[in-house]
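*Asks:* Below is the structure I would like to discuss, written out as structure tokens.
The values are calculated or read from the model by the stated rules, or taken from the named source; none is laboratory data. Fair warning: this is a prediction, and the values are worked out from it, not measured in the lab. Cβ placement follows ideal geometry from the backbone for every residue including glycine, while neighbour counts extend to all protein chains displayed.
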Amino acid sequence: MEVAVMNDMAGKSAGIKSWPEGERPRERLQKLGPQALSEAELLAILLGTGERGRNALDIAKNLMNERRSLREIARLSPTELMKIRSIGKAKALQIVAAFELGRRLEASTDDGVTIIAGPEDVAHRMIPALRDRCNEIFMVLVLDARNTLRAEVELTRGTLTASLVHPREVFKTAIERLAASIIVVHNHPSGNPEPSAEDIEITRQLVETGKVVGIPLHDHIIVAGTSYVSLAERGLV
């Protein structure tokens, strides 16, 4: 009996195709739907194949054990993923692409048109895009005369605690894209959305520059995790 159990375990480790059909992640997905699968099983389907002695589910479970949550995995770059055993370049890129699609789906609208009526609309779109980023990212949202979002431009990518930006770069982007107005957004990887003195100062500079060039700054929004602060609501724009 012990030999039979060991052989069964070895077979499962060697390849998912050797498992009973009702236990294979792909077949379970087809029969029961994605909601019935564990996170490790869904990752295994995404990974597709394993390696000698380790099937895709083994690799997925190892990834979950090392990182503890999908949120932590979503923050990893391809280079960081490739440092984990059994995850090469192709699998790392597949994982990163899947999480990015999820972010874009969460931020998308049914008709593909985004009207920015207030800070909540910006937060709905930008929190999924920025909450998992480990460095500060400074974005410019380009709006037309009807406050329809026409472009999202990543202007700078900084360190863990700083993303340097100059009004010249912001309004160069706005002018090139024929903006009627703009909103700027950046994230705080620290998890604290409260504006720093530097955030308040660059906002003041952008407001003044916008008056000169005729492209008003509607808001500066800071994202931290699932929270945000609107400097317009604080009376700073």
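*Asks:* Among the residues in segment 143-158, are any touching a Leu at 6+ places or on another chain (Cβ under 7 Å), of a type outside the set (Gly, Ala, Ser) and modelled with pLDDT of 95 or more?
*Replies:* Yes, segment 143-158 contains at least one residue that is touching a Leu at 6+ places or on another chain (Cβ under 7 Å), of a type outside the set (Gly, Ala, Ser) and modelled with pLDDT of 95 or more.
*Asks:* Anything in segment 21-46 that is surrounded by fewer than 18 Cβ atoms within 10 Å (Cβ to Cβ), touching a helix residue (DSSP H, G or I) at 6+ places or on another chain (Cβ under 9 Å) and over 14 Å from ILE95 (Cα atoms)? List them, or say none.
*Replies:* Listed by number, the residues that qualify are GLU21, GLY22, GLU23, ARG26, GLU27, LEU29, LYS31, PRO34, ALA36, LEU37, SER38.
*Asks:* Is it true that some residue in segment 99-118 is in the same structural domain as LEU178 (by TED's automatic domain parsing), at pLDDT 90 or above and touching a Gly at 6+ places or on another chain (Cβ under 6 Å)?
*Replies:* No, segment 99-118 contains no residue that is in the same structural domain as LEU178 (by TED's automatic domain parsing), at pLDDT 90 or above and touching a Gly at 6+ places or on another chain (Cβ under 6 Å).
*Asks:* Within segment 127-148, is there a residue that is touching a Phe, Trp or Tyr at 6+ places or on another chain (Cβ under 7 Å), surrounded by 13 or more Cβ atoms within 10 Å (Cβ to Cβ) and within 22 Å of ILE175 (Cα to Cα)?
*Replies:* no
*Asks:* Filter segment 215-237 down to residues that are under 16 Å from GLN205 (Cα atoms) and outside any loop (DSSP other than H, G, I, E, B) and give me whichever is nearest to the chain's Cα centre (by Cα).
*Replies:* Filtering first and then ranking leaves ILE221.
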